[in-house]
Amino acid sequence: MNVKWLIRSQSVVTLAAGMIYPYYLLFLKNLGNSYSKYGLAFAVFTISSAAVSTWLGPRLDKHGTRILVASSLGMMVSMLAFPWTSSYVIVLLLQLIMGTCNAMQRMSERLLLAEGTESGSRGITIGSYHFWTSVASGFAVILGGLLIDWLTINALFYMSALLYGVSAWVVWRASGTSRNRKSAKPKRSESGLSMPE
């Protein structure tokens, strides 16, 4: 997958996450009605993310792009489900799904970033990646703050879900385009002439 499209897609993911994150924390706190329940919900997220990372490791090289698409789709479903959640048990289940998606996203983005760069010249690309995703994060918090004055927290969840869906689509389209380019590259015969694969 082209690194430029990876940066674009993950900037959209960062925008989606940053826009809802402060309000999602308030949502968890209010639904749990105590700091201990909030702490448990957040622990489920982080522990599930850590646990899934060890399972993903052996599968990552072969399915990195698919895992990245699946992570965005899983987050989209979670964001759509949150406004309808009234049970703390369901919140814990969503936290488990989100932790899984977080591990999928973090690991696959790093793999694809490494695959799209060459040793000795990765710094500029990684700097650009960090810059654009950080800008998206800062912009997202400002945007979320502005929108929450006019919209409900449920609307922010839905907007976040839409952005996760856009990210999944961007990765899917970009990976399909790069696969088509690879298959269209001519193959050299033993005589040195180019021939289609």
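The values are calculated or read from the model by the stated rules, or taken from the named source; none is laboratory data. What you see is a predicted model; the values in this text were computed from it and never measured. In this analysis, Cβ positions are derived from the backbone assuming ideal geometry, glycine residues included, and neighbour counts consider all displayed protein chains. Note: areas computed on protein heavy atoms with side chains; ligands, DNA, RNA excluded. Shrake-Rupley method; radii C 1.70, N 1.55, O 1.52, S 1.80 Å.
For the residues M75, M19, the requirement of being within 24 Å of I142 (Cα to Cα), of a type outside the set (F, W, Y), in a helix (DSSP H, G or I) and modelled with pLDDT of 90 or more singles out M75.
Filtering L28, L68 for residues that are modelled with pLDDT under 85 and among the aliphatic types (A, V, I, L, M) leaves a single hit, L28. Residues satisfying the criterion are present in segment 7-14 (criterion: under 23 Å from S137 (Cα atoms), modelled with pLDDT under 90 and among the charged types (D, E, K, R)).
Scanning segment 109-123 finds one or more residues that are within 16 Å of T14 (Cα to Cα), in a helix (DSSP H, G or I), out of contact with any helix residue (DSSP H, G or I) (no Cβ under 8 Å at 6 or more places or on another chain) and among the basic types (K, R). Note on segment 113-139: residues that are open to solvent by 40 Å² or more (accessible area, probe 1.4 Å) and more than 19 Å from the chain's Cα centre (by Cα) total 7. Of all residues in segment 66-111, those satisfying the criterion of being open to solvent by 30 Å² or more (accessible area, probe 1.4 Å) and of a type in the set (V, I, T) are V77, V89, I90, I97, T100. Consider segment 41-52 and keep the residues that are at pLDDT 85 or above and surrounded by fewer than 17 Cβ atoms within 10 Å (Cβ to Cβ). The one that is farthest from F27 (Cα to Cα) is A51. So which of V166, V170 is touching a Ser or Thr at 6+ places or on another chain (Cβ under 7 Å), surrounded by 13 or more Cβ atoms within 10 Å (Cβ to Cβ), at pLDDT 85 or above and in a helix (DSSP H, G or I)? It is V170.
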